[in-house]
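Before any comments, here is the structure.
FYI, it's all coordinate maths here, none of it is from the lab. Please read these numbers as outputs of a predicted model, since none were measured by experiment. Reconstructed Cβ throughout: ideal geometry from the backbone, glycine too, with neighbour counts over all protein chains shown.
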Amino acid sequence: MSSSFREFDMYPYVRELLRRKFPASQGWVIKERERRNGYEPDYIVERRRGSIIERHIYEVKKEPKAKTEHIKQVNRYAKNLSGPKVRIKSKNLIYPSGVNTSGLPPDINVLKLRKFKVTGSNKSKKKSGKSKSKKTSKMRRSTSPRRNWNALL
């Protein structure tokens, strides 16, 4: 398996995170949007309370640093999706862990997925559950030959 990942690979984890945060039993509906001409956010979470619609906007990014373009994009979504009876409750950006988000304004929330990690360079990596030391794996191979247990049965 390749060590790099795409933004699309993060979506199932984001959906699971949003479902835990916004349960359907409380009336929350999670809408995953397809990218059409770049004007729709990745996720909109909304519920109707009386005649008012409450919305939370989530945009998923995999870049190693938060950019001003991301801020402008989320603010544009909030402006386009709000209205007289629609309240934008929060604007959110979701990044992999290891991303520098120091330049974001306080009105935009940041969530970081621990399942995905971005290193200091521009390469993205997905964390693996186990990590092997190169020293121990080389030592094992050199000290004892590998046995084919299927051949012995």
| note | Mean separation of Cα contacts under 8 Å (at least 6 apart) over the residue count of region 7-128, i.e. the relative contact order in percent, is 20
| request: Run the quick spin-label model on residue 6 and residue 69: label points 7 Å from Cα toward the beta carbon, then report their separation in nm to one decimal. | output: 1.8
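Roughly what % of DSSP beta bridges within region 7-128 run antiparallel, to the nearest 5? Walk me through the numbers on the way to the answer.
On the way: 15 of 31 bridges.
About 50 percent, rounded to the nearest 5.
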| query | Taking 0.36 nm per residue of separation and subtracting the Cα-Cα distance, what length does fully extending residue 112 through residue 52 add? | reply | 18.6 nm
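Within 10 Å of each residue's Cβ, count the other Cβ atoms and sort 93, 17 from fewest upward. Before the final figure, lay out each step's value.
Working: 93 24, 17 17.
Fewest-to-most ranking of 93, 17: 17, 93.
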